[in-house]
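Colleague: Here you go, one structure.
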Amino acid sequence: MTTSLAAFTLFQKTAAPIRIDVAARTDDTAIQAEVDYWRDNIGAIKNVDAFVEDSRLFRFAKTAFGFAANENPDSVLALALEGGSTSASSFANRSVDYRIEDMVRNFAFAEFKTTKLSDPAFVESVVRRYINKSAAADAPTSTIPTRTDTQATYFLQNIGRVESAADLVNDIGLYNFTMTAFGLKDRARDTALIQGVLDGGTGDATDLANTLQDPALYDLAAAFGFDNGTDRIQDPRFANSVVERFKRAEGLTTSTASADESKASAEFRSMISKVGSVDDLVDNFKLYNYVMTAFDLGGETNKTGLVRKVLNDGVLDQDALANKLSDPRYADMARTLGIEEFGLRNLRDPAVIDMIVQRFERVSRENEAGEENGAVEIAAYFQRKAPTINSWLEVAADTRLLNMALTALDLPAAIGALDLDRMIKTLEDRMDIADLQDPAKLENFVNRYLINSDTGGATSAGYSDTSMALSILTASNATTSGNLYSLVGSL
C-alpha cells in the first residue's frame, strides 16, 4: 500500500503548480533573482509608501505592468495607487495611460489595502507579467510585421486625425481596432449605437453610456471623451494605451493556455467574457460551478441566493455580507471578481482570468487526489492556503485546516470541541503560526500530518482520544507547557 507521504510526493510532481516554474520560462539568472526577491518580500509590505520605498519591489511591479524604469515618476504612480480606481474621478480613471488603471486596479490598495499581496495567485500573476515583459524586451525584433503589427501601426498613425465620433466610426481600420480593444468586437455592426455612445460621453446621467448600463460601452465613451473635444485622442499616450488594450484583448500580452488545459477551463474563458451581471454568472450552470470550485466553494453551489448577495455587495462596505460571514472564502471570491468595486473590468482582465483558471486547475487536481487518498487532498489544501494564514484563529475557522493541524501536532480531535480561547491557546503552545511561512518548516509540518494520518500519531501509542484530551486540559490548567510536550514527545 502506498503511504500518504509517497502519494503526496507524486501529487506535487503532477499537480498544477501554485507557483509558476520560472526556470521553464527563462534561464536568465538576473530575472530569477528579481522573481525570488519579489516572492520573498512582497507579502511584508504594509502600505503604498512602503511599497514605493522598496525600489526593487516597485521596479519589479512597474516592469510587470509595462513601465520602463525611468517612465512615470514613482510619486505619480503612488498617488494613483492610493486613489484606487472605483471612482470615475480617480487619477487612474482620468489618466489616458491604460497601464496606470491596470496596475492600480490589480493591486487595489485603496479598495482592499494589502490583502492581495498575500494571495499566492496574485503574486504569481505579477511574476508571469514580469517574465513576459522581460522576455519581450530581450527578444529580437522581427523583420516581418505581423497582422497585429500592421493594425497597430495603422491605428497609431491615423487616430490623431480623428476629429469626431463619426470620423472614427467611418474609418473601418480604426473602428474595428477600437472595438476589439474595448471588448466590443461582437457589436461592431451596431455603428449607430456606438457613435451615439461616443458622441454623448459620460458627463450627464442621461447619456447613452450611462443609461445603457453596459460597462464596456461606458468604458469606451469615457476613454475617448469626445464630449470634451479631441484633446485626449491627440495624446500619443492615449494611442499607445489603446494598442495595449488591443493586445490584451487578443491575448498577446499573456502566456497562452497550456496544451493540456482542461475543456472546462477553455469553456470558462469563452463564457466569462460574455457575462454582463452577477445574475448572468450565477444562472450559467457551467460557469457558476467553475468559479465556485476555483474558490473552494464547490460544496456550496446550492447557496445561489447567498452568492448573489455576496457578489453584489462586494467587500468595501464593512456591513457587506461577505465581511459578516465567518467563512473567508466568500470574501476572497468577491474581492477577486470585484464586480461591485470594478464592474466587469476584472472579468475582462486576462491576468484575473488566468488566476481563476490556475485556482480551478489546482483545486480540481486536489479533489482528484482525494478520491484516492483523503490525506493527500487535505495536505495539498493546507499547503496552498499556508502562505495566507496569519493566526491560529484562521485555522480554527476552517474545518479542513483545523483537522490537519490537530493531526500534525499530535492533538486529539476532541480538542476541536473546546471553547475557542482554550483551543487557540493549545495550538499556540504547540507551534508558532509564523513557522508556516518558512518553507522548510511547512514541509516538515505537512509531512508530519501525512505520517500521522497513516500511523494514528500519538493515539497509537496507547492514548485514547478522550484521555489524551483530558490530559492536555489538565496540563493547560496547570499552565505548564512542558507537561503538554511530555505527553506525546516534542515535535
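Colleague: With Kirkwood radius over Cα pairs in Å defined as stated, name the option among [x] 25.1; [y] 38.3; [z] 23.1 computed from the structure displayed.
Modeller: Label of the calculated value: [x].
Colleague: Cα centroids of region 178-199 and region 282-337: how far apart, whole angstrom?
Modeller: Between the Cα centres of region 178-199 and region 282-337 lies a distance of 32 Å.
Colleague: Tell me the net charge near LEU325. Cut-off is 15 Å between Cβ atoms, LEU325 excluded, with +1 for each Lys or Arg and -1 for each Asp or Glu.
Modeller: Its environment carries a net charge of -3.
Colleague: Report the charge-dipole magnitude of region 259-328 in Debye, nearest 20, computed about the Cα centre from +1 at each Lys and Arg Cβ and -1 at each Asp and Glu Cβ.
Modeller: Here the size comes out at about 160 debye.
Colleague: Given GLY298, ALA413, GLY370, which one lies farthest toward the positive end of the charge dipole of the chain, if we put +1 on the Cβ of every Lys and Arg and -1 on the Cβ of every Asp and Glu?
Modeller: GLY370
Colleague: Through the Karplus equation 6.51 cos²θ - 1.76 cosθ + 1.60, θ set to phi - 60°, convert the phi angles of region 384-390 into ³J(HN,Hα) values in whole Hz; use x for Gly and Pro.
Modeller: Each residue's phi maps through the Karplus curve to give 5, 7, 3, x, 9, 8, 10 Hz.
Colleague: Right, next: Between LYS303 and GLU428, what is the label-to-label distance in nm when each label sits 7 Å out along the Cα-to-Cβ direction?
Modeller: 2.8
Colleague: Straight-line reach from LYS274: which lysines fall under 24 Å, measuring Cα to Cα and dropping same-chain residues less than 8 apart?
Modeller: LYS185, LYS247, LYS263, LYS286, LYS303, LYS309
Colleague: Oh, and also: With +1 on the Cβ of every Lys and Arg and -1 on the Cβ of every Asp and Glu, and nothing else charged, how large is the dipole of the chain about its Cα centre, in debye rounded to the nearest 20?
Modeller: 500
Colleague: Here is a further query. Working out 0.36 nm times the residue gap between GLU163 and ASN228, then minus their Cα-Cα distance, what length gain in nm do you get to one decimal?
Modeller: Working it through step by step, the gained length comes to 22.2 nm.
Colleague: Multiply the residue separation of LYS274 and ASN444 by 0.36 nm, subtract the distance between their alpha-carbon atoms, and state the gained length in nm to one decimal.
Modeller: 56.7 nm
Colleague: Another question, then. Let's test the formula: R0 of 30 Å, r as the Cβ-Cβ distance of LYS263 and THR115. What FRET efficiency results, to the nearest 0.05? All intermediate terms of the calculation are to be shown ahead of the outcome.
Modeller: On the way: r = 32 Å, r/R0 = 1.07.
The pair LYS263/THR115 has a calculated efficiency of 0.40.
The numbers here are math on the coordinates, done by the rules we state, and not lab data. Everything numeric here is computed off the predicted structure, so don't read it as measured data. Note that each Cβ is placed from the backbone with ideal geometry, even for glycine, and that neighbours are counted across all protein chains shown.
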